[in-house]
Structure formats: C-alpha cells, structure tokens
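These notes concern the structure reproduced below.
Nothing in this text is a laboratory measurement; each read-out follows from the coordinates by a stated rule. Given the structure is predicted, the values throughout are model-derived calculations rather than measurements. FYI the Cβ positions are ideal-geometry reconstructions off the backbone, even for glycines, and counts take in every protein chain you see.
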Amino acid sequence: MMATHEVALGHHAREQAGVGSGVWSWITTVDHKRIGILYGVSAFVFFLVGGIEALIMRMQLARPDSHVVGADTFNALFTMHGTTMVFLAIMPFSAAFLNYMVPLMIGARDVAFPRLNALSYWIFLAGAIFLNASFFVGAPPNAGWFGYANLTTKQFSPGANTDFWLLSLQVLGASSVLAGVNFIVTILNLRAPGMTLMRMPVFVWMALVVQFLIVLAFPPITVGLIFLMFDRFFGTHFYDVTAGADLLLWQHLFWIFGHPEVYILILPAFGIVSEVLPTFARKPLFGAPVVIYSGVLIGFFGFGVWSHHMFAVGMGPVADAAFSIVTMLIAIPTGVKIFNWLATLWGGAIRPTTALHFAVGLIAMFTIGGLSGVMHASPPVDLQQTDTYFVVAHFHYVLIGGSLFGLFAGAYYWWPKITGRLLNERLGRVQFWILLIGFNATFFPQHYLGAIGMPRRIYTYPAGMGWDFWNLVSTIGAFGIALSVFLFAVNAIWSLRAGAMASADPWDGRTLEWRTSSPPPVHNFDDIPLVLGRDTYWREKYGRRAASASTEGGSGGRGGGAAGAQTEAYFAAGRPPTSPPAAAHAIHLPAPSYWPIIAAIGIGVAAAGALLHVAIVIAGALVTVVSLFAFALEHHRNPAHVHQDGTLGIDHRKVAMWTFLGSECMFFGTLIATYLAYRGRSVVGPHPHEILNIPVTSASTFDLLMSSLLMVLALAAVQRGDRGQARLWLFGTALFGLIFLGFQAYEFTSFIHEGLTLRTNLFGSTFFVLTGFHGAHVSLGVAWLVTLLVLDLRGRLGRADAVKVEIAGLYWHFVDIVWIAIFTLVYLIP
Amino acid sequence: MTEIPAVSEPHSDAGHASVATYVKVALILTGVTALEIGVISIRFLTPIVVPLLLAMSAAKFALVVLFFMHLRYDSRVLSGLFIGPLVIAMVIVLALMSLIGAFVTFGR
C-alpha cells in the first residue's frame, strides 16, 4: 500500500488523482511518471545552459590571445558549467529515468512516498533557479565547481558569488537526500510479488546503489558547506589557517562526496546499458549477478578513493599508497562490467537501433576514460597530470563518454514508453555519429594538450606554445556536440508531433515496464504482475526455456518462493502471471498536493534571504515550517495510511527513518571528526579544559538518557492503547528535551560570558557548530513530540498510529546516542 | 473520492522488550555514565582512561540502539541500513582525522 492519500480508480479516476492536463495538475502532481518528466525537461534545459557555457569557453580558447570573454567571466563560466552539468543536468537526467522507470520495473504503482518525491523535485528546481539567478544579479559563482578553500573565503571571494554557490548546493543536497531515502524504501519495500533482490533488473540495482551513495556522500559535503557558510556569514575559522585550521579539510570533505558523486553520475548509465544490450542482442545479460556485485563493489570502493584527487597536496607516502591501491582496485569491478557487456553482445541477434549505438558507444568511450583514470591512480603520474587538460579529457570521457552516452541510450530506449511515440531512428543514428565524432574531436586532443603542459582553467594563452591547433580542433568538436544535441531536440519535437505511435512493447523488451501500455496508465498496471525472474516479461512472453538460467535470480526470500510457485501455476493454466485481479475500486492513487511546492518556495526564499535580509530568511523559514507541518498532517486521518507495510514486511516510514539515520551518522561523524581533528589547534584560548563544565553536562546527559526511557514508555503505552500513560510519557519526553535545551542555553551563555564565541578560536567554532547542530536536532525532536502530544490531546493518536510514535522515537533515540558520543569525545576525554 | 478500507488492527509488538527491561537498561545507562565521570578523576587509570571511556560510551550507544531503538528485535534489514553507514562513517572519521594530522601514524 502506498504512503499516500488514496483515490479510487473509477470513471473519473484521472481527474480525482489530479491527472488533468493543466498547469495546476503538473504543479500539484505526485505521480512518479510526471515527476520523472519534470526532472527530464528541467535537466534538458539546464543541460543546454551548461552547454552554452561550454561553447563560450571553447570559443575563447579556440585561438591564442582571444578576447571573447575576460578572465572573470571565464572563471564564472567554468564554475557554472561544472556545477550545472553535475548537479542540474546529469544527476536530474538520471533522476528522470529513476522516477519514471523504477516503479514500473519493480511492478509498483508509485514510489513509497509520492508527495516527498514531489517535494524533492521542487526543492531541486528551487536550488537550480537560485543558482542561476546569480547571473541576473551579476554575481555568478566563480571559484570553481570544487570551491577550494581558501579561494572561497571572504578575503578572496568578497562578493555574493560564492554565497549563491554554497547556498544552492545545500538546497540541492537536501533534495537529493530526500529522493535517495524515498527510492531506497521504494526499491526495498515496493517490489512486486516474486521480485527478490536478485530478480531486480540491473538498472534498479544500480539505482539502489546510487541512492545509498547519495544518502551517505552528501552529508560530508553538506558539513563542508555549513563550515564555509559559517566562515563567510558568522566569522568562524574552519578554513582560516591563521587560526590553526587546515585548508585541506575542505578538499577532504569535498572529495569524500566528490568521488562517490562520480559513481552517482555513472552508475545509472551503466544500469541503462545493462537493460539496452540484452534487449537488442536478444540475450540475457551475461553474468548478470556479477554485474550487480560489481556495481555494489564500485559503490563501496567509491568511499575509499577520495584522496586520489589530492595526490598533489603532499599527503605522505602511506596515504598516497593506500589511496593508490584502492583506486587501482576499483578498476576491477569496472572492467568486469565492460567484459560482461561485450559478452552479452557476443553471439547475440543484434538489432542495431539508436539506443544500442549509444550503449556500445558508452562501452568504448568509457573504457578510454577508465584507462586514463587508472593512470591517475599512480601518484607520480598523477603529479604530472594534475591541473592539466589531461584531467579535463579524462573526466569528460567518463561523464560524456559514460554518463551522457548512457543517458541518450536510455532516452532512445524509453522514449516510446514515456511518450507513446517513436523517435526517428535514422536521425537518431546521425545524431549518434555526430556526437561520437564531435566528442572525440573535442576531448581526445585535450589528452595531448595536457601532456604538453596546458593547464586547466586558464582563460587564454599566448601563441607559440604549440597549443593553437588542437585547441581549434577541440572547439570545432564542441560545436559538433552542440549540433548533435540540437538534432536530438529536433527529433524529440518531431516525434511528439508526428512520430509513429509506439506499441506497449516496441523493442520486444524483457522487463516489466514493457508489460503496460505506452505511455502507462496513471495506475501503471491493471493488475500487479507476479515476477518469474530477472527478465520476467521475456519469460512471460516466450516461456521458461527462452530465459536463461542466469536470469532466474534465485527463488528465495520473502515473496519469492510462494509467489514463484503461484506464477508457475498461472503459466501451467495458460494465464498471464499477475496478482489476483483487483476490483476497480481497490486501485488507489496518490492524491495531488500543493504543499511540496509551497515548502520548496519557502526554502528558496530563505536561501535568497541569506543574501538580502534576515527578515526574509525568517519569512522563508516560516513558510517552510508551516507547509511542512501541513504536508505531514495532510493525510493524518486517512485510514488508508495506517499500515504501509511492504515487501520486507516493514512499514515504509520505519525503513525510511533508519535509512535517514544512516545518513545522519555520516553528518554527525563528519562534524565530530572535524572537532577531533582540530582539537588542540587553537592558537588562542580559551581551551576546552579551561572552560568545559563536566558536572553541568553530566546532569544534562543524564536528563537526555532518561528522556529516551520516557520515549520508549510512551511508545509502549500507545501500542497498548493506554492514552493516559501515552500522554504522560510523551509530555515527559518533550519536557526532558526542553530541560536539555535549557542546559545547553545555560552552557552557551556562560561560555560567551567567559569569552568563548563562534569567532574566538578554532575550538569555539568547532564546539558551537557541533553542539549547536545537535541542539537543533533536539529542538526538532521536541517539536515533533509536541505535535504528537497535541494530536493525542485531540484524540487523534490511537493504537493504529503507534508507528508514528515509533519513528519519532527512533529519531529521538538517535539524538540521544549522538550525545553519548559527544559527551565522551568532547567533554570527558582529556 | 470513494470508500476507504477499514483500519486493520495494529501489528503485534510482542517482539519488543518489556517495560521492566527498559527500566533496567536506563539504570545501566545511568550507572555507566556515573562510572565514566568517576574514571576521569581516578589518577591510576589515567594511562587507560581513553580506551575505558570509549568502551563505556560504545556500550551505552549499543544499549540504546539495541533496546530503546528495538534493533535487537527488528528486521536485520534495518540493522544493515544503520550499521553499514555507521561503520563507513567511523572509518571515514578515522581516516579524516589521520589525514588532517590528528594521529601521528599518517602524519604528513
């Protein structure tokens, strides 16, 4: 059952579910398919913006001593090009396919939290618009997409340029984490009967890995951005070397995020290729489980290689060796995928469609990018290549040759499913060859330019360096890429107006999305299909023998064995494998909501207010808080929301909360690591041993521990329907939380009186930010508890709502365990 | 808008700990916190005070997670969702501290 307000599918189901065609229906939509389209259209617009930025840079570099743009504009162009392509183009392109296809491929009617999905999109759009608004006020970010400290400090970036960048990245990060949690729950908990984990399509697997990377990799960059924000807005010292700080802290935090981000960008494309190749080779994916394990390994290793971006900073031989080895190791699962894809094509009945062209193009181009990546894994070689055009060539082979080729493969593959019309195959192949030639003309020469010493990020160069010819070739190639993208736009518009109508299964597909009409109905499937194996629809069409044993994907696991037997029985009876037919009134759809866009507007206003006036921040924050409360309580009394148990037999909200807490581990882990790394580095006092009050903090620690006891007592009372006790313990927990906050207020004010503020020294900066963010979490927890208490007092918190108390309790206990760590590491350890 | 299905009974929570267990855990947490405060003032424990404090903190952390957060009784999937990121976070914390120079082993 979906976590939504539900509307029955009847004669007016489309209208009831807000599936009209007007603008309002798109603004309030919570349908994963429409949100996928919104992501896709937005991504394409920002892709064009990023592409224009690239073309201007290439025009500037086409000739030596060129004056198309000046140095400042060039700085802004490469900063915005990188930021736009990573966060506003490639990531949302992937999000478009994830949104549209994942629920269809797992046989679900929507995502686990449709309104949260809409909220993620609108927050993304708010962040994207805010970032690009910087152009209109003449302050585009200009310190590089990597934002290295201390280029970003007030001293070297005094304008609002960097503020636009750091605030928009925080907004975009919030969107990504919310979407990540949503899709993890969706994939784990909304699979159709019979779809064990190993029966999931490889694209869904890669989506799952990517969502874990997002929820775990974004917190470190968020913390890094928070430090930067505090340095710029409140005068803290996180990146101030004169106060004892280390500039490399930023580089570490950025690349702890930045390298997994590479896999966030590339793995969805790998997933697409793993769907396209079997379809057009008419063979199962060779060694599919190994491809899946390789994707998981790439994701896991992705967290252990970040410092290979920093070999040039001088980390020392031990660190260099460790990160070099792990970086070389990550080439193994990547190579495994390449060989598996080639083996899938080998001996297949190849249909050379445009999608297959792009998929094969990815294999070739990404291999080139991967090989130059292995070269960077060697620190001595890397030292020669760092900050040269060789690196620019490398990562464009990964991100265009890999991600973009894969996304175009997906576009040609799934376009008929999304629009109900076919793209022009001939024009598509012309587009492919122009892109292939243009891309290689642009970036292959850059290997050579880098090797002969052309540095990155220079806005011009003198004649006679030997760089002229290949820069001109590179610029001509860039216009080839632009022509290719233009042809895709022409093809898309032609298809929407006059393209041939697509059947439900135009490619003779293998997975569940081809089992429903093109485009799918609002409810996706009339009957939820039962899953037979990884290529379940292929097997459904052609029988058991047609599907290789390798596509079985195991039969164990919840829903696997029993459902598998049931589907075999359906087959034996000559009927299509679906769950027992649902009566029309039993198909429920999520109702539209305008609260997601209002909350996103509030966030955007608050971000803008940070650059204008504190009153605007407060106004934006108020709109956000009010709309989020309305959002949370919108369907509180809907009985259809009471139980949201899914495939795992666990409530969606509980899976979501644990996933979020995993993300929070990374958030607080990064804050604590920074505090510990900077411990003892303050160049002026007061120092911790002079000021920390252990007796007072021991009392507040005891208070918080006891609040956890009251919280479990409250949950137990709600579960047994004892409303009196439930009220008492909920009130007690909130009260103890408030007492803890009182202790913290006392501690903060006494420190300020003793001369320790955020600005005093490195200890003050790290202490107040760490404990302050913990306090903010406690405050949020108190607000949550008070909300539950109010619901209870109004008679709206019964036994059936126990899970709501349980997830609030999980959050509360997490805040408690974070304090357990802080109390020991900050206060007790001498 | 059509008829909404009737609310079914909430799930059984028989797998969770009893109130008595919660109270015992709270008493242990209180006792360990008192011990933590005690060991920092005992001079002969100074050489081992850091590992002692870390061990006691880890024990408190585990008690809350296992009993108050019910991870001891819940699905292993939930344990994986929490412990996996926790381990990654701890490894990254240690690596980051090493690389920034908080430990001597990786000193630059």
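What the table below lists for this structure:
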{"quantity": "Semi-axis lengths, Å, the stretch B:15-103, gyration tensor of Cα atoms, sqrt of 5 times eigenvalues", "calculated": "27, 23, 6"}
{"quantity": "Phi to ³J(HN,Hα) by Karplus 6.51 cos²θ - 1.76 cosθ + 1.60 over the stretch A:392-409, Hz, x for Gly, Pro", "calculated": "4, 4, 4, 6, 6, 5, 6, 8, 9, x, x, 4, 5, 4, x, 5, 5, 4"}
{"quantity": "Within chain A, helix-based [θ] at 222 nm, where runs of 4 or more DSSP H residues each add -39,500 (n - 2.57), nearest 500", "calculated": "-22500 deg cm²/dmol"}
{"quantity": "Kirkwood estimate for chain A, i.e. one over the average of 1/r between Cα atoms, Å", "calculated": "28.2"}
{"quantity": "Length-normalised contact order of chain A in % [C-alpha pairs under 8 Å, at least 6 apart]", "calculated": "17"}
{"quantity": "Under 15 Å, Cβ to Cβ, from A:MET706 - net charge with Lys/Arg +1 and Asp/Glu -1", "calculated": "0"}
{"quantity": "Cα centroid of the stretch A:239-259 to Cα centroid of the stretch A:55-92, whole Å", "calculated": "25"}
{"quantity": "Burial order of peptide ranges A:782-793, A:819-830 (average beta-carbon count within 10 Å, highest first)", "calculated": "A:819-830, A:782-793"}
{"quantity": "Stokes-Einstein D in µm²/s, Kirkwood radius over Cα pairs - the stretch A:631-693 at 10 °C with 1.306 mPa s viscosity", "calculated": "100"}
{"quantity": "The stretch A:678-738: relative contact order as a whole-number percent, Cα under 8 Å and 6+ apart", "calculated": "32"}
{"quantity": "Peptides ranked, highest mean first, by Cβ atoms within 10 Å: ranges A:523-531, A:160-168", "calculated": "A:160-168, A:523-531"}
{"quantity": "Separation of alpha-carbon centers, the stretch A:105-121 and the stretch A:778-830, rounded to whole Å", "calculated": "26"}
{"quantity": "Cα-based Lys pair tally, the protein assembly as shown, threshold under 29 Å, eight or more apart or on separate chains", "calculated": "17"}
{"quantity": "Translational diffusion coefficient (Stokes-Einstein; Kirkwood radius from C-alpha pairs) of the stretch A:655-738 at 4 °C, 1.567 mPa s, in µm²/s", "calculated": "81"}
{"quantity": "Length-normalised contact order for the stretch A:356-474 - Cα pairs under 8 Å, 6+ apart - percent", "calculated": "35"}
